[in-house]
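Q: The structure is given below, and queries will be raised subsequently.
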Amino acid sequence: MDWTPGNVQKWVLWTEHLYRLPQVGKTFQELSGKDLCAMMEEEFRHRSPLWGDVLYAHLDIWKSGSDEVWSATEADSSCSGQPIHLWQFLKELLLKPHKYGRCISWLNKEKGIFKIEDSAHVARLWGIRKNRPAMNYDKLSRSIRQYYKKGIIRKPDVSQRLVYQFVHPV
DNA sequence: GAAAAGGAAATTG
DNA sequence: CAATTTCCTTTTC
C-alpha cells in the first residue's frame, strides 16, 4: 500500500525478469501501490492478456505477507493452505474456466479427463504458486508422472499429448 | 522438436 | 519423511 509508482515499476520489472515475462513492465507504468492493490485480476488481464494473470498471481503471494492488504484482497485460494499439491492446483485451475480455460480445460469433466492447452503457461503459474521460478513443463510433467504409481492421475486410455485423467473424478 | 516415460539424486516443508 | 524438484536418457508422437 505504501509503494510509489517507482517501487511498483521496480517490482514489475523484477518479476518480469524472474519469470521471463516479455513486455509486461511497459503496461504497468504510472501505478502506485494503492492502484495495484485495488486492481482485480480482470484488470491485470486487460493490461496484459498474455501474462496479466501470472503477474497477478505473483502479486498475490506478496500480498499474503501483509495482513492489512490481504483483507482487501479478492478471496483467492492462492495464499491459504500449507503445502499445496500439484493435483489440487490443477483442479483449482480447472475450476475457473473463465480465467484459465486458455491454458487448461476439461475434455471430459465426468471422466476427469483434461488437457493442458498451454504447457508453458500452466508451468509458470505452478512455479509462482510454489515459489519455483525455474519451473517448466518438463519438470511439471515429471511431477504428474509421479502420480501414475500413486493412482491420482493417469494417462487416458487413448493416450494423447498434453492430456491426462484424474483417477478419481468427483 | 516437443512430449512421454522413468531412474536417480537433491531439495523442501 | 513425503512430495516434489532437478537432471537426464531414451522413445514416441
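The values are calculated or read from the model by the stated rules, or taken from the named source; none is laboratory data. All of these numbers come straight from a predicted model, not from anything done at the bench. Protein only, heavy atoms only, side chains kept; ligands, DNA and RNA dropped before computing areas. Shrake-Rupley method; radii C 1.70, N 1.55, O 1.52, S 1.80 Å.
Q: Heads up, I need the accessible area for A:ASP138: 1.4 angstrom probe, whole protein in place, Å², nearest 10.
A: Accessible area of A:ASP138: about 110 Å².
Q: Something else about it: Using the alpha-carbon atoms, what tilt in degrees (0 to 90, nearest 10) does helix A:86-95 show relative to the longest principal axis of chain A?
A: Orientation of helix A:86-95: about 80 degrees from the principal axis.
Q: On full extension of the chain, what length is gained from A:LYS155 through A:MET1, given 0.36 nm per residue of separation minus the C-alpha to C-alpha distance?
A: Here the segment from A:LYS155 to A:MET1 would lengthen by 50.9 nm.
Q: Right, here's the next one. Longer than 25 Å from Cα to Cα, which of A:LYS99/A:LYS150; A:LYS26/A:LYS115; A:LYS96/A:LYS130 are they? Say none if no pair is.
A: A:LYS99/A:LYS150; A:LYS26/A:LYS115
Q: Something else about it: Taking the alpha-carbon centroid of each part, what is the distance from the range A:86-141 to the range A:1-19 in angstrom?
A: Value for the Cα centre distance between the two parts: 26 Å.
Q: Which value, in Å² and to the nearest 10, is the accessible area of A:MET40 when all protein chains are kept and the probe is 1.4 Å?
A: 70 Å²
Q: Where Rh denotes the Kirkwood radius from the mean inverse Cα pair distance, what is Rg over Rh for the range A:82-166?
A: Result for the range A:82-166 is an Rg/Rh of 0.93.
Q: In square nanometres, what is one fourth of the surface area of the convex hull spanned by the alpha carbons of chain A?
A: Mean orientational projected area (chain A, Cα hull): 10.0 nm².
Q: Let me ask something else about it. If N is the number of residues in the range A:1-60, what value comes out of its Cα radius of gyration divided by 2.2 N^0.38 Å?
A: Against the compact-globule rule of thumb, the ratio is 0.97.
Q: Okay, helix-only estimate at 222 nm for chain A: each DSSP H run of n ≥ 4 adds -39500 (n - 2.57), divide by all residues, round to 500 deg cm²/dmol; what do you get?
A: Value at 222 nm, helices only: -14000 deg cm²/dmol.
Q: Here's a follow-up. By how many nm would the segment from A:ASN131 to A:SER105 grow when fully extended, if each residue of separation counts as 0.36 nm and the alpha-carbon distance is taken off?
A: 7.0 nm
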